[in-house]
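Before any comments, here is the structure.
The values are calculated or read from the model by the stated rules, or taken from the named source; none is laboratory data. Remember, predicted model here, so these are calculated numbers, not experimental data. All Cβ positions, even for glycine, are placed from backbone atoms using ideal geometry, and neighbour counts span all protein chains on display.
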Amino acid sequence: MSAELRVEGLRRGFGGAVVLDGIDLTVPAGGCVALLGPSGTGKSTVLRLVAGLDTPDAGRVTAGGRDLSGLAPERRGTALVGQRPRLFPHLSVLDNVAFPLAVAGRRRGAARAEAAGHLDLVGLGDLARRRPATLSGGQEQRVALARALAANPAVLLLDEPFSALDPGVRAEMHRLLADLRSAVSPTVLLVTHDRQEAAALADTVAVLLDGRIAQHDAVEALHTRPASLAVHRFLGGLV
Ligand code: ADP
Ligand code: MG
């Protein structure tokens with residue numbers, strides 16, 4: 001399942017400071033757009049607004065043409081995975097993944113069977129009974145991805161999901177995400193600091209500067225035809 005994600009005129013300020021000053025961004029159904037920008041520019045805020053964890057001052061978010069304004073997070077068809085997975089320490093890996101299904105009203109047995117399928121999808125079928133504390137960082141992040149996918153989201157929101165991992169594990173996760181995209185093809189909005197990651201995983205890159213999308217283009221075009229000096233400077237300084 002996937003749906004076109006549209007963000008239109010999104011505004012959000014905190015205590016008088018404007019953080020998002022009218023964000024327009026479209027991610028085609030089944031596509032992957034990387035959202036790139038300096039620290040503190042509001043990338044996480046964009047994802048939180050799309051996920052319904054925060055409310056915009058103005059603007060709207062639609063998925064597959066459906067206006068998500070006012071809908072609770074679990075009713076939006078979105079799932080968010082952050083930098084550090086927040087797994088429930090007292091639940092097994094399997095029950096962590098089954099949790100959103102149980103919340104959605106699935107019976108325990110059915111939820112677990114479905115969750116087992118999602119664990120297989122991220123290559124962790126063997127670790128179903130383990131507790132999160134016994135997992136490596138990469139494994140925990142795989143569980144978080146399985147849990148996000150268990151809700152069968154039309155839109156998957158990833159907030160620097162691999163930045164805390166070692167480079168080798170990160171490369172594994174990149175392969176996993178590519179595989180997941182071909183297996184379940186959700187629409188993906190990926191926040192990252194990592195230009196290589198953006199180039200490897202995303203179809204296009206949107207650069208967030210000073211509260212607006214300064215340019216949304218293919219990676220190549222951002223470098224050869226930056227829309228402004230600010231975009232050029234930002235990409236030049238990016239490691
Ligand atoms: P990024 O993810 O790009 O690093 P964030 O979206 O986390 O940036 O934050 C953007 C700005 O908004 C920062 O200045 C941050 O301090 C501020 N901010 C984010 N959330 C809140 C909040 N709940 N209350 C007050 N300020 C916030
Ligand atoms: Mg952030």
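Looking at the stretch 73-90, can you tell me whether even one residue there is surrounded by fewer than 17 Cβ atoms within 10 Å (Cβ to Cβ) and either under 30 Å from Asp217 (Cβ atoms) or of a type in the set (Asp, Glu) (or both)?
The answer is yes, given that some residue of the stretch 73-90 is surrounded by fewer than 17 Cβ atoms within 10 Å (Cβ to Cβ) and either under 30 Å from Asp217 (Cβ atoms) or of a type in the set (Asp, Glu) (or both).
Which of (1) in contact with a strand residue (DSSP E or B) (Cβ under 7 Å, 6 or more places away or on another chain); (2) more than 18 Å from Gly82 (Cα to Cα); (3) at pLDDT below 90 is the odd one out, the single condition Ile213 does not satisfy?
(3)
Taking the stretch 173-194 on its own, how many of its residues are touching a strand residue (DSSP E or B) at 6+ places or on another chain (Cβ under 9 Å), of a type outside the set (A, V, I, L, M, F, W, C) and away from ligand 2 (no atom under 16 Å from the Cβ)?
Of the residues in the stretch 173-194, 3 are touching a strand residue (DSSP E or B) at 6+ places or on another chain (Cβ under 9 Å), of a type outside the set (A, V, I, L, M, F, W, C) and away from ligand 2 (no atom under 16 Å from the Cβ).
Just for the stretch 11-24: of the residues that are within 16 Å of ligand 2 (Cβ to nearest atom) and in contact with a strand residue (DSSP E or B) (Cβ under 6 Å, 6 or more places away or on another chain), which one is farthest from Val219 (Cα to Cα)?
The extreme case among them is Arg12.
Scan the stretch 35-45 and give yes if some residue there is in contact with a strand residue (DSSP E or B) (Cβ under 6 Å, 6 or more places away or on another chain), part of a strand (DSSP E or B), within 15 Å of ligand 1 (Cβ to nearest atom) and within 25 Å of Asp203 (Cβ to Cβ), otherwise no.
So in the stretch 35-45, the residues in contact with a strand residue (DSSP E or B) (Cβ under 6 Å, 6 or more places away or on another chain) come out as 35-37, 41-45.
Okay, now just the ones that are also part of a strand (DSSP E or B), so 35-36.
So of that shortlist, the ones also within 15 Å of ligand 1 (Cβ to nearest atom) come out as 35-36.
After this cut, where a residue has to be within 25 Å of Asp203 (Cβ to Cβ) as well, the list is 35-36.
The answer is yes, given that some residue of the stretch 35-45 is in contact with a strand residue (DSSP E or B) (Cβ under 6 Å, 6 or more places away or on another chain), part of a strand (DSSP E or B), within 15 Å of ligand 1 (Cβ to nearest atom) and within 25 Å of Asp203 (Cβ to Cβ).
Restricting attention to the stretch 108-141, and to residues there that are at pLDDT 95 or above and of a type in the set (Lys, Arg), which single residue is surrounded by the most Cβ atoms within 10 Å (Cβ to Cβ)?
Arg112
Residues checked against (1) β-branched (Val, Ile, Thr); (2) in contact with a helix residue (DSSP H, G or I) (Cβ under 8 Å, 6 or more places away or on another chain); (3) within 16 Å of Leu87 (Cα to Cα):
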position: Arg107; (1), (2), (3): no, no, no
position: Leu121; (1), (2), (3): no, yes, no
position: Arg131; (1), (2), (3): no, yes, yes
position: Thr134; (1), (2), (3): yes, no, yes
position: Glu140; (1), (2), (3): no, yes, yes
position: Leu156; (1), (2), (3): no, yes, no
position: Met173; (1), (2), (3): no, yes, no
position: Leu176; (1), (2), (3): no, yes, no
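Scan the stretch 69-94 residue by residue and report those that are farther than 18 Å from Asp159 by Cα and either within 16 Å of ligand 1 (Cβ to nearest atom) or more than 17 Å from the chain's Cα centre (by Cα) (or both).
Scanning the stretch 69-94 gives Ser69, Gly70, Leu71, Ala72, Phe88, Pro89, His90, Leu91, Ser92, Val93, Leu94.
How many residues does the stretch 193-209 contain that are closer than 19 Å to Asp179 by Cα, assigned to a loop (DSSP other than H, G, I, E, B) and of a type outside the set (Asp, Glu)?
Here is the first cut: in the stretch 193-209, the ones closer than 19 Å to Asp179 by Cα are 196-204.
Now narrow it down to the ones that are assigned to a loop (DSSP other than H, G, I, E, B): 202-203.
Now restrict to residues that are of a type outside the set (Asp, Glu): 202.
Adding up the residues that qualify gives 1.
Out of the residues in the stretch 2-47 that are touching a Pro at 6+ places or on another chain (Cβ under 7 Å) and under 30 Å from Ser185 (Cβ atoms), which is surrounded by the most Cβ atoms within 10 Å (Cβ to Cβ)? Steps first, answer last, please.
So in the stretch 2-47, the residues touching a Pro at 6+ places or on another chain (Cβ under 7 Å) come out as 2, 4, 10-12.
Pick out the ones that are also under 30 Å from Ser185 (Cβ atoms) and you get 2, 4, 10, 12.
Numbers: Ser2: 22, Glu4: 17, Leu10: 24, Arg12: 21.
Here the answer is Leu10.
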